[in-house]
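Q: Below you'll find the structure I mean.
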């Protein structure tokens with residue numbers, strides 16, 4: 001398995017994955033519910049059941065939520081065999097008419113034309129370039145005319161180069177990590193620290209492996225960065241984030257330690273709204289709606305997009 005194509009079940013248990021994303025993250029649950037609302041609106045438009053596919057369904061974290069929508073045939077797709085087995089058991093226990101399929105999400109082909117694709121926290125895992133273009137084209141080509149792809153994901157403020165992107169990433173993750181620590185969600189905070197390091201290495205130092213020293217360094221600095229951002233002193237927030245980046249880079253490491261939760265990359269790479277729009281509009285999608293969930297101060301947020309074919 002490539003370090004940049006992990007199975008999440010080798011990093012985190014399904015129960016912990018569900019808990020930190022649904023119950024501890026600041027914004028994901030609100031985005032989940034909004035996705036459900038959008039799926040319901042699409043389902044109400046037709047008198048017959050519509051085909052709805054979740055890409056990257058994992059351990060059915062929100063499949064059962066979307067499964068509450070009437071008038072849909074729902075299928076979840078993920079390549080993580082252990083998560084899919086967990087999802088299957090969960091759906092069977094709740095006697096829900098939901099299908100789960102183990103397959104490569106980026107080139108999955110549904111047996112019927114699709115009315116709605118949706119994903120939550122998946123888009124930023126797809127490798128940029130040809131893999132991203134192929135995955136978006138595959139979805140677009142399977143949608144009925146007028147069909148939609150609903151995407152929920154984390155996005156950064158606008159940036160003009162990779163250094164700016166990395167600084168914005170540090171500030172965004174500091175917001176999530178700091179709030180996690182201050183709320184007693186230590187496992188969430190630790191996972192977000194590791195994800196930040198993966199994000200910083202992606203398309204930059206792809207041979208790098210996270211280290212415990214880097215993790216500890218980030219934990220020590222996130223509150224200062226978040227405090228500056230919270231008071232809208234972005235000059236200071238950028239300065240502190242830049243200093244932290246320099247220190248992280250000084251601790252550059254390529255040696256694995258035998259702990260998958262540290263050694264394996266989650267393949268995260270957060271982008272901004274304009275970069276995302278360029279990706280999807282070049283395929284032919286039209287951005288019909290976007291809703292942002294995030295703090296009043298602009299450090300990023302969880303966005304939900306409705307893309308219409």
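The values are calculated or read from the model by the stated rules, or taken from the named source; none is laboratory data. Source: prediction; values computed, not measured. Note that we place each Cβ from the backbone using ideal geometry, even for glycine, and neighbour counts take in every protein chain shown.
Q: Tell me which helices (runs of 4 or more DSSP H) are completely within segment 52-157 and hold 1 or more residues being touching a residue at least 24 places away in the same chain (Cβ under 8 Å), under 20 Å from the mean Cα position of the chain (by Cα) and under 21 Å from residue 272 (Cα atoms), or say none if there are none.
A: Here the list reads 130-142.
Q: Yes or no: segment 30-44 includes at least one residue that is outside any helix (DSSP H, G or I) and at pLDDT 95 or above.
A: Of the residues in segment 30-44, the ones outside any helix (DSSP H, G or I) are none.
No.
Q: When you scan segment 211-294 for helices (runs of 4 or more DSSP H) that lie fully inside it, which ones turn up with 1 or more residues that are surrounded by fewer than 16 Cβ atoms within 10 Å (Cβ to Cβ) and over 21 Å from the mean Cα position of the chain (by Cα)?
A: Details: elements: 212-230, 234-250, 260-263, 273-281.
Per the criteria, 212-230, 234-250.
Q: So, one more: I'm trying to understand the selection: among the residues of segment 253-288, which are in contact with a strand residue (DSSP E or B) (Cβ under 8 Å, 6 or more places away or on another chain), within 30 Å of residue 231 (Cα to Cα) and in contact (Cβ under 8 Å) with a residue 24 or more places away in the chain?
A: Those that are in contact with a strand residue (DSSP E or B) (Cβ under 8 Å, 6 or more places away or on another chain), within 30 Å of residue 231 (Cα to Cα) and in contact (Cβ under 8 Å) with a residue 24 or more places away in the chain: 270, 271, 272, 273, 276.
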